[in-house]
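J.: Dropping the structure in here first, questions after.
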Amino acid sequence: MEDPAFLEGKERLARALVENVCRVIRGKDEQVALAVIALLSGGHLLVEDVPGVGKTMLARSLALSINGTYRRIQFTPDLLPSDVTGTTVFNQRSSDFEFKPGPVFANVVLADEINRATPRTQSSLLEAMDEGQVTADGATHPLPRPFFVIATQNPVEYHGTYPLPEGQLDRFCMSITLGYPSEDTEREVVESQLLEHPVSSLEPVLSAGDIPELQRASRTVSVHPDVLSYAVSLVRATREEEGLYLGASPRGTIFLVRTSQARAFLSGRDFVTPDDVKAMAVPVLSHRVIPSARSCRLEDSRSLILEVMERTPVPVL
C-alpha cells in the first residue's frame, strides 16, 4: 500500500502536467486531460480532426512539459518502414554492422496523418506500440520510457489514404477529437500568438523519468469488484449490439479499466467510480468497434456506445 502523502504528490504532478499543456491548448481542458490519462495508462492516442485545431501542438506541448524527446514523422505514401524504426548499416571503421535508430526512438512520437502511409509502413508501429521495442535484422532494441505515440488523421479528406486496420486501431488506448474553439477562445488564441507562439516559452513541469512513477501510482487506484464487472459488461455488450458488426476486444476492457483508474487518480481519488467508467467508455471504445452501416463511422460508433451504456445496469456503491 502506497503512502497517501506519496500518492498526493504524484497527483499534484499529474495535474500540473494538464495545467501546463492547457497554457498552449486553450479551451480544450477536457481533451488535454484525456491525453494525459492516455499517457498515465501506458497507452497511445489517436486524434481524428480537421487541420489547424492543435493536434501537433498537443504533442509538442506534452513533450516539452515532461522534458522528453520528441519526434514528428510525416506519414506519406513513399515512407518506408525503415524510415520509422531505423535500419542496420555497415560501419567501415569498425568493419561491423550497426543499428541506426529511427525517429520512433523518442518519448513522444507524433505520427502525423498516419493514414496517408501504406499499410506496410503503418504496421511498422505495431510492435513498438504494443511491446515497447523494435526488432531489426533479428535484433531487438528497447524503446525509451515513457514511449507515447500520438497519431493524427483527417476524418474528412480520404482521397489517397489507407484506412487503419482494426489490429492497429485496437492498439490505441483512446481516440479523441479537438474540435473548433469557441469565439472567445479563438480570439484568445490569436492574441496569444501576436508576438510568438506560447509553446516557445513553455517550461517543463516534470521529467520524463517521472512518468513511469505516475503510471505506477495510477495503477494503485482501487477498483471495486462491482465496478470491474460493470466495465466488463459494457465491453461485452458491444459484441452483442445489433448495430455493431464488430465489438470491442479484451484489450478494450483493459484500457477501459486503466483509464478509469487514471481519471480517478487525476481527480485526487484512490478509488474508481462507475462515473469514471462511463466517462471513459466513448473515447476508449468508439474506435474499436465497427458499425453495421459503415457511413460516418466515427459518429455512428460513438452514438452506439452511448446506447450500449444506457442499457447496461450501473452498480450502486
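The values are calculated or read from the model by the stated rules, or taken from the named source; none is laboratory data. Quantities reported herein were computed from a predicted structural model and do not represent experimental measurements. Here the Cβ positions follow ideal geometry from the backbone for every residue, glycine too, while neighbour counts run over all protein chains shown.
J.: Any idea which residue in the range 74-115 is surrounded by the most Cβ atoms within 10 Å (Cβ to Cβ), counting only those that are among the β-branched types (Val, Ile, Thr) and under 16 Å from the mean Cα position of the chain (by Cα)?
T.: The qualifying residue surrounded by the most Cβ atoms within 10 Å (Cβ to Cβ) is Val109.
J.: Consider Val223 carefully, then state whether it is modelled with pLDDT of 95 or more and on the phi < 0 side of the Ramachandran plot.
T.: yes
J.: Just for the range 241-269: of the residues that are among the charged types (D, E, K, R) and at pLDDT 90 or above, which one is surrounded by the fewest Cβ atoms within 10 Å (Cβ to Cβ)?
T.: Arg269
J.: Considering only the range 196-308, give the helices (runs of 4 or more DSSP H) lying wholly within it that have at least 2 residues that are under 22 Å from Ala38 (Cβ atoms) and touching a strand residue (DSSP E or B) at 6+ places or on another chain (Cβ under 9 Å).
T.: The qualifying helices (runs of 4 or more DSSP H) are 225-238, 250-266, 274-285.
J.: Under 6 Å between Cβ atoms, which residue pairs at least 6 apart in sequence (or on different chains) link something in the range 168-197 that is among the aliphatic types (A, V, I, L, M) with a partner that is in a loop (DSSP other than H, G, I, E, B)?
T.: Pairs that qualify, where the first residue is among the aliphatic types (A, V, I, L, M) and the partner is in a loop (DSSP other than H, G, I, E, B), are Leu178/Lys28; Leu178/Asp49; Leu178/Val53; Leu178/Gly54; Val189/Arg26.
Condition check ((1) over 12 Å from the mean Cα position of the chain (by Cα); (2) charged (D, E, K, R)) across all residues:
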position	(1), (2)
Glu19	yes, yes
His44	no, no
Pro51	yes, no
Ala63	yes, no
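J.: In the range 81-97, how many are closer than 27 Å to Thr118 by Cα and at pLDDT below 90?
T.: 3
J.: Could you check, for the range 225-232, whether at least one of its residues is closer than 24 Å to Gln168 by Cα and either within 22 Å of the chain's Cα centre (by Cα) or surrounded by 18 or more Cβ atoms within 10 Å (Cβ to Cβ) (or both)?
T.: yes
J.: Another question about this same structure. Scan the range 41-80 residue by residue and report those that are within 14 Å of Val284 (Cα to Cα) and among the hydrophobic types (A, V, I, L, M, F, W, C).
T.: Matches in the range 41-80: Leu45, Leu46, Val47.
J.: Take the range 117-145 and flag every residue that is touching a strand residue (DSSP E or B) at 6+ places or on another chain (Cβ under 8 Å) and in contact (Cβ under 8 Å) with a residue 40 or more places away in the chain.
T.: Selection gives Leu125, Ala128, Met129, Val134, Ala136, Asp137, Ala139, His141.
J.: Quickly run through the range 60-89 and pick out the residues that are among the small types (Gly, Ala, Ser) and either free of Cβ contacts under 8 Å to residues at least 60 places away in the same chain or in a helix (DSSP H, G or I) (or both).
T.: Within the range 60-89, Ser61, Ala63, Ser65, Ser82, Gly86 qualify.
J.: Also, quick follow-up: Of the numbered conditions (1) in contact with a strand residue (DSSP E or B) (Cβ under 8 Å, 6 or more places away or on another chain); (2) at pLDDT 90 or above, Glu183 fails exactly one; give the number of that condition.
T.: It is condition (1) that Glu183 fails.
J.: Kindly indicate whether any position in the range 272-279 is more than 18 Å from Asp226 (Cβ to Cβ) and of a type in the set (A, V, I, L, M).
T.: Within the range 272-279 (the criterion being more than 18 Å from Asp226 (Cβ to Cβ) and of a type in the set (A, V, I, L, M)), the answer is no, since none of the residues qualifies.
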